[in-house]
């Protein structure tokens, strides 16, 4: 078991390592990008990567405070579902109005792996292998479809 400080340091060390590993990768537009804090350019739409002591998740999170507008965003993403699945090479999970650990209601489209821990350095290669191709594919997907969200800005 780790203290809060040790856990925080391990998390930070992982994300620093991941950031260094992926930083040479350019975006679909050929630009440098902060992969860990990916900017979609659309308010309330985030690409999130999370890892804890049991799982790792990468997601498109729709966090608009108005659930009706959040649903409109979700429906718009559904229009592009086949493009997402083709670009990522896999089926993703779709969850309308998910309540997170802090009680906030969001919608999300995600992939998850179990049995990995950010606190076990031996799992870091598996975490990197999980996150890297998916965040790159999300960038490619977003580059192809982001104009379809102009009406929702």
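How high is the FRET efficiency between residue 43 and residue 82 when r is their beta carbon distance and R₀ equals 25 Å, given to the nearest 0.05?
About 0.45, to the nearest 0.05.
Does anyone have the angle between helix 67-79 and the longest principal axis of the chain? Alpha-carbon axes, 0 to 90°, nearest 10?
Compared with the principal axis, the helix lies near 90 degrees.
Helix 124-145 against the longest principal axis of the chain: what's the angle in degrees, Cα atoms only, rounded to the nearest 10?
With rounding to tens, the tilt is 20 degrees.
Add -39500 (n - 2.57) for each DSSP H run of 4 or more in the chain, then divide by its residues: what number comes out at 222 nm, to the nearest 500 deg cm²/dmol?
-13500 deg cm²/dmol
With angles folded into 0 to 90 degrees, how steeply does helix 4-22 sit against the dominant principal axis of the chain? Use alpha carbons for both and round to 10.
So the inclination is approximately 60 degrees.
Using the number of other C-beta atoms within 10 angstrom as an exposure proxy, rank 59, 27 with the fewest first.
27, 59
Just subtract the alpha-carbon distance of residue 97 and residue 27 from 0.36 nm times their residue separation and send over the number in nm, one decimal.
This chain segment gains 22.2 nm when fully extended.
According to the square roots a ≥ b ≥ c of the eigenvalues of the Cα gyration tensor, what is the shape class of segment 93-145, taking rounded for a/c under 1.5, prolate for a/b larger than b/c otherwise, and oblate for the remainder?
Oblate.
Using only the Cα atoms of the chain, what are the Rg and Dmax in Å?
15.8, 48
If one computes the Cα centroid of segment 34-71 and of segment 89-123, what distance in Å separates the two points?
10
Each value in this text was obtained by applying a stated rule to the coordinates, not by laboratory testing. Here the structure is a predicted model, which is why all the values come from computation and not from measurement. Positions of Cβ are backbone-derived with ideal geometry, glycine not excepted, and every protein chain shown enters the neighbour counts.
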